[in-house]
Amino acid sequence: MAILKTKYMGLELDSPIIAASCGLTADVAKMEQMQQAGAGAVVLKSIFEEQIDEESTHLFREGYGVGGGYAEAEDYIKAYVRSNTLQRYVELVRDAKRRLSIPVIASVNCFSGGEWVSFAKQLEEAGADALELNVFILPVNAFASSQEIENIYFDIVKSVKRSANIPVAVKISHYFTNLPAFVGKVKAQGANAVTLFNRFYEPDIDIDALAIGAASVFSTPEELRATLRWTGILAGMDKGLEISASTGVHDGAAVVKLILAGATTVQLCSVLYERGIGVIADMNRFLSGWMENKGFGVIDDFQGRLSYASVGNPDLYERAQFIKHFSNKQI
């Protein structure tokens, strides 16, 4: 019988399938269901630095109006909101650790370094087995260089690693000029793993109402392609890099593909909403059955077998244009 056990950031997992950070992982009862379904670990719903700032600003304006020179009062409200929110999150970590036997990975969505990331130490003391930093900085400042933007990421990782001793994964997007170089530098700052990729709010336009709103928050199976490409490339370039692959994972075949490309673990989010928590058990069964059919006894037998460094023709990962596909197509 196939054995699904694996290691991720030094943590022992019974399955490479992880529940990603989402609204479902803010509820310990649902996380217990995920554990029962066979999840190898859970990533708690992120605590958002931006949300704390917005909430404290809203409360200040409600109480004092915009402006007015109440700087001390504003500082007090910000400190109160921050302390309250962080304490609630610490309690979520403690509750999850009390009731779950699988690894609990805390998640912080941040866009700056410094004092904020010292919160990592509190999460460690609350029992978090690891921390996932969900970082995305939208480069809208026309006067900021790419290096300045990237340095913010590096500063966040360095600050967290100075503050806490638990393993740290950095969840990133693929919007970098040279992703392999960027990931290499993130690892050099002390990151134990990277999660590919984060999904974030995307705008859409209602052409009837002439209004802007939010696009669908759920991924589609087609989005697996970018995750698969970069998982294969990065895993092939650095065999010591641990990758948690996310976005576009909607069935067991996607899990197999990502591990073949070199992923250490695979995260589920949208599919948990669309098909229910039981889909974890379905995917584990698919993975186990596929391994037995192929004669693989453990995950290590095939992990990275089709990474960038392992395939005979790396162009299959590098090619960006449909040269061959469309060259013989007739209109």
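Could you say whether any residue in the stretch 106-114 is more than 15 Å from PHE48 (Cα to Cα), in contact with a strand residue (DSSP E or B) (Cβ under 7 Å, 6 or more places away or on another chain), at pLDDT 90 or above and among the aliphatic types (A, V, I, L, M)? No; the residues of the stretch 106-114 include none that is more than 15 Å from PHE48 (Cα to Cα), in contact with a strand residue (DSSP E or B) (Cβ under 7 Å, 6 or more places away or on another chain), at pLDDT 90 or above and among the aliphatic types (A, V, I, L, M). Residue count for the stretch 228-251, restricted to those that are touching a strand residue (DSSP E or B) at 6+ places or on another chain (Cβ under 9 Å) and closer than 22 Å to MET291 by Cα: 10.
Residues considered: LEU133, LEU196, LEU179. Of these, the only one that is within 18 Å of ILE47 (Cα to Cα) and aliphatic (A, V, I, L, M) is LEU133. Has the stretch 137-147 got any residue that is under 17 Å from the mean Cα position of the chain (by Cα) and over 30 Å from GLU274 (Cα atoms)? No, because not a single residue in the stretch 137-147 is under 17 Å from the mean Cα position of the chain (by Cα) and over 30 Å from GLU274 (Cα atoms). Considering only the stretch 244-276, how many residues are surrounded by fewer than 18 Cβ atoms within 10 Å (Cβ to Cβ) and within 27 Å of ASN192 (Cβ to Cβ)? Matching residues across the stretch 244-276 total 0.
For first residues located in the stretch 150-164 and over 25 Å from THR177 (Cα atoms), partners that are acidic (Asp, Glu) and lie 6+ apart or on another chain with Cβ distances below 7 Å form the pairs ALA164/GLU124. Within the stretch 2-14, residues that are of a type in the set (Asp, Glu) sit with their Cβ atoms under 9 Å from residues that are modelled with pLDDT of 95 or more and surrounded by fewer than 18 Cβ atoms within 10 Å (Cβ to Cβ), at 6+ positions apart or across chains, in these pairs: GLU12/LYS5; ASP14/LYS5.
Residues in the stretch 154-171 that are aliphatic (A, V, I, L, M) and part of a helix (DSSP H, G or I) were compared, and the one that is surrounded by the fewest Cβ atoms within 10 Å (Cβ to Cβ) is VAL157.
For the stretch 172-226, the candidate set comprises residues that are of a type in the set (Ser, Thr, Tyr) and surrounded by 11 or more Cβ atoms within 10 Å (Cβ to Cβ); within that set, the residue that is farthest from LYS161 (Cα to Cα) is THR220.
Looking across VAL279, VAL298, one residue alone is surrounded by fewer than 16 Cβ atoms within 10 Å (Cβ to Cβ), aliphatic (A, V, I, L, M) and at pLDDT 95 or above. It is VAL298. Every test in (1) within 20 Å of the chain's Cα centre (by Cα); (2) in contact (Cβ under 8 Å) with a residue 40 or more places away in the chain is passed by PHE302 save one, and that test is (1). Does ILE3 count as of a type outside the set (Phe, Trp, Tyr), crowded, with 24+ Cβ neighbours inside 10 Å and closer than 23 Å to GLU292 by Cβ? Here the answer is no, as ILE3 does not meet what is asked.
For the stretch 5-55, the set of residues classified as modelled with pLDDT of 95 or more, in contact with a strand residue (DSSP E or B) (Cβ under 8 Å, 6 or more places away or on another chain) and either within 18 Å of PHE136 (Cα to Cα) or in a loop (DSSP other than H, G, I, E, B) (or both) consists of LYS5, MET9, SER15, PRO16, ALA20, SER21, GLY38, ALA39, GLY40, VAL43, LEU44, LYS45, listed by residue number. What do you reckon, is ASP95 closer than 30 Å to ASP282 by Cα and either out of contact with any strand residue (DSSP E or B) (no Cβ under 7 Å at 6 or more places or on another chain) or at pLDDT below 85 (or both)? When the stated conditions are applied, ASP95 passes them.
The values are calculated or read from the model by the stated rules, or taken from the named source; none is laboratory data. Quantities reported herein were computed from a predicted structural model and do not represent experimental measurements. Every residue, glycine as well, gets a Cβ built from its backbone with ideal geometry; the counts of neighbours run over all protein chains shown.
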